[in-house]
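Encoded as structure tokens, the structure appears first; notes follow it.
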Amino acid sequence: MARFLPPDAFHSSAPIELLPIRFERRGPGRVLVSNMVGDFISLTDDEFDRIASLRLSPSETLYETAFAAHLIGRRGQTAQLQLLATRLRSRMAFLRTPSALHLFVVTLRCEHSCPYCQVSRQSSDRSRFDMSEETAERALAIALESPSPAIKLEFQGGEPLLNFPLIEKIVANAKAQAPRVGKTIQFVITSNLALLSDDILSFCKSNEVMISTSLDGPADLHNKNRPRPGGNSHDLAVKGIKRAQQILGKDRVGALMTTTDRSLDRVEQIINEYRSLDLDGIFLRPLSPYGFAVKTRQVTKYDTNRWLEFYSKGLRYILDLNRRGERFTEFYTSLMLTRMLSDRPTGYVDLRSPAGTGLGALVYNYDGRVFASDEGRMLAEMGDDAFVLGKVADASYRSLVLSDKLLRMVADSLSQCAPECHACVFESHCGADPTYHHATQGDHVGIKPLSGFCTRQKSVMRTIIDLLHGSPDDATILRGWVA
Ligand code: SF4
């Protein structure tokens with residue numbers, strides 16, 4: 001008498017069914033397939049056709065592969081669906097801590113005159129462009145009403161250090177009120193550092209304020225991109241970064257670059273500039289179609305494909321540095337890898353669906369208007385009020401995030417059901433970005449085949465997938481960048 005039942009006895013008799021999948025045909029005979037939480041698997045045409053038409057039997061390897069990749073299941077079997085639901089809930093957990101970021105535009109004044117500036121700055125002698133104390137108090141009250149237990153207040157401009165006394169007051173008030181509302185609060189000043197002093201740094205040190213700045217590359221490039229009287233913006237930025245690193249610590253100082261047409265042939269030099277300042281990575285950031293970048297026609301000087309060449313060359317160079325033992329990261333790639341290889345929720349508002357617009361961040365303008373996104377206030381400076389949610393004087397947190405305008409914007413732009421996106425193999429890792437599509441195409445959804453955002457997202461993700469499936473060395477380095 002047999003002691004064990006035959007293998008068939010352990011197979012469910014429930015019919016096989018296809019779970020939600022998306023796919024893209026890639027190259028001759030290959031198909032890239034993703035399941036409902038964005039795990040990728042590369043299949044041959046024949047394998048894909050057999051899975052899609054359920055021509056599979058439990059005794060074969062392809063059945064096991066499809067089952068393990070969550071492409072198929074058994075009708076009535078709930079364990080697999082529960083696992084997918086748990087992972088999806090974890091990926092979407094950003095919805096449980098809405099509006100964790102609050103941007104205070106403490107002044108629109110700036111002593112730089114960068115032609116690509118996204119904020120349409122005003123000249124520095126026009127004090128009517130400063131935020132008042134009353135507006136700041138109302139904005140802080142709204143920020144403290146938001147449900148997230150941990151929030152970040154970021155001070156922006158113009159150049160926020162031109163209104164530093166207001167920053168001091170907001171930080172002091174926020175710290176005094178935080179225990180009452182049970183919140184932890186982080187502070188960031190986004191500055192060009194030209195006005196940085198040791199007094200300001202000592203305030204930052206005692207209040208744990210982080211510094212974020214702009215660094216576009218070597219001196220000649222940075223000074224051309226970021227002109228100021230005296231032509232020394234690079235010198236001041238570099239001195240400021242070094243001094244801030246000394247006083248606050250290296251991990252409290254970050255820099256961002258913007259790619260102009262002058263940057264395109266110089267990606268290695270730009271990366272080397274960051275390395276020379278002991279910064280641990282770089283965000284190879286394209287120009288955004290807002291503010292002065294539009295007025296001065298900077299955005300028309302190169303297209304998405306040219307930026308992609310710049311990005312790919314930079315990424316290859318950075319991987320080479322890592323292969324030679326230097327730890328250095330491209331931050332956008334790291335962000336995408338974290339989306340693709342983990343189920344952690346993203347903190348990056350442009351890569352969310354529902355969109356991070358308003359739900360991820362609120363922007364309090366110097367004049368009391370509240371915007372759903374930083375780019376939205378840049379559009380308003382160009383005369384387009386589509387992203388104004390209200391005024392601090394008569395708004396509450398609830399009235400802003402539950403306003404018809406914001407709800408419509410978020411509902412309209414869901415990538416899970418937007419044309420093209422809903423069937424896109426990359427949807428789980430992408431975002432809705434209604435501000436970009438409104439700015440470039442006049443509606444929140446946009447026609448994705450014409451969207452620079454979409455072209456960039458697809459190309460970056462294809463590049464990353466090719467690298468992960470290519471040399472084992474590259475794959476190991478990239479897996480180490482998952483945050
Ligand atoms: S924007 Fe483009 S890449 Fe992103 S999900 Fe939509 S179609 Fe896919």
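The values are calculated or read from the model by the stated rules, or taken from the named source; none is laboratory data. All values reported here derive from a predicted model rather than from experimental measurement. With ideal geometry, Cβ positions are generated from the backbone for all residues, glycine too; neighbour counts draw on all protein chains shown. Remember, those area values only see protein heavy atoms, side chains included, never the ligands or the DNA or RNA. Shrake-Rupley method; radii C 1.70, N 1.55, O 1.52, S 1.80 Å.
The residue 276 and residue 320 beta-carbon pair, evaluated with R₀ = 25 Å, returns a calculated FRET efficiency of approximately 0.90. Averaging Cα coordinates gives a centre for the stretch 376-443 and one for the stretch 449-483; these two points are 26 Å apart. Cα centroid separation, the stretch 302-367 to the stretch 216-294: 17 Å.
Of the options 23, 48, 58, report the single residue whose Cα projects farthest towards the positive end of the charge dipole of the stretch 14-91 (beta-carbon charges: Lys, Arg +1; Asp, Glu -1). Checking the options against the dipole of the stretch 14-91, the answer is 23. Across the stretch 394-400, rounded Karplus estimates of 3J(HN,Hα) from the backbone phi angles (6.51 cos²θ - 1.76 cosθ + 1.60, θ = phi - 60°) give 10, 10, 10, 4, 4, 5, 6 Hz, Gly and Pro being marked x.
With both residues required to sit in the chain, DSSP beta bridges show an antiparallel share near 40%.
Given a 1.4 angstrom probe, I'd like the percentage of the accessible area of the stretch 146-204 that is carbon and sulfur, rounded to a whole number. Could the numbers behind the result be given before it?
Values: 1210 of 2250 Å².
For the stretch 146-204, the apolar C and S fraction of the accessible surface comes to 54 percent.
Ranked by the mean number of other Cβ atoms within 10 Å of their residues, highest first, the peptides 402-412, 342-352, 79-89 fall in the order 342-352, 402-412, 79-89. Over the residues of the chain, the helix contribution to mean residue ellipticity at 222 nm works out to -12000 deg cm²/dmol, using -39500 (n - 2.57) for each DSSP H run of at least 4.
Taking the accessible area of the stretch 284-406, probe 1.4 Å, and keeping the other protein chains in place, the carbon and sulfur fraction comes to 49%. Across the stretch 334-339, rounded Karplus estimates of 3J(HN,Hα) from the backbone phi angles (6.51 cos²θ - 1.76 cosθ + 1.60, θ = phi - 60°) give 4, 4, 5, 4, 5, 5 Hz, Gly and Pro being marked x. Strictly over 32 Å apart at the Cα level, which of 183/250; 152/458; 205/301; 242/405; 169/250 would you flag in this model? With Cα atoms farther than 32 Å apart: 205/301; 242/405.
Ranking of 24, 64 by solvent-accessible surface, largest first: 64, 24 (1.4 Å probe, protein heavy atoms only, all chains present). Quick check on the stretch 14-91: take the gyration tensor over C-alpha atoms, sort the square-rooted eigenvalues as a ≥ b ≥ c, and tell me if it's rounded (a/c under 1.5), prolate or oblate. Here the stretch 14-91 falls in the oblate category.
Counting charges near residue 373 (Lys, Arg +1; Asp, Glu -1) among other residues having Cβ under 11 Å from its Cβ returns a value of -3.
Please give the per residue accessible area of the stretch 1-65, computed with a probe of 1.4 Å over protein heavy atoms only, in Å².
Numbers: 4110 Å² over 65 residues.
Using a 1.4 Å probe on heavy atoms only, each residue of the stretch 1-65 averages 63 Å².
Amide H to amide H distances under 5 Å link residue 425 with 23, where only residues 5 or more positions off or on other chains count and H is placed in the peptide plane. For the stretch 31-38, the Karplus equation 6.51 cos²θ - 1.76 cosθ + 1.60, evaluated at θ = phi - 60°, returns couplings of 10, 8, 10, 10, 8, 6, 10, x Hz by residue, with Gly and Pro reported as x.
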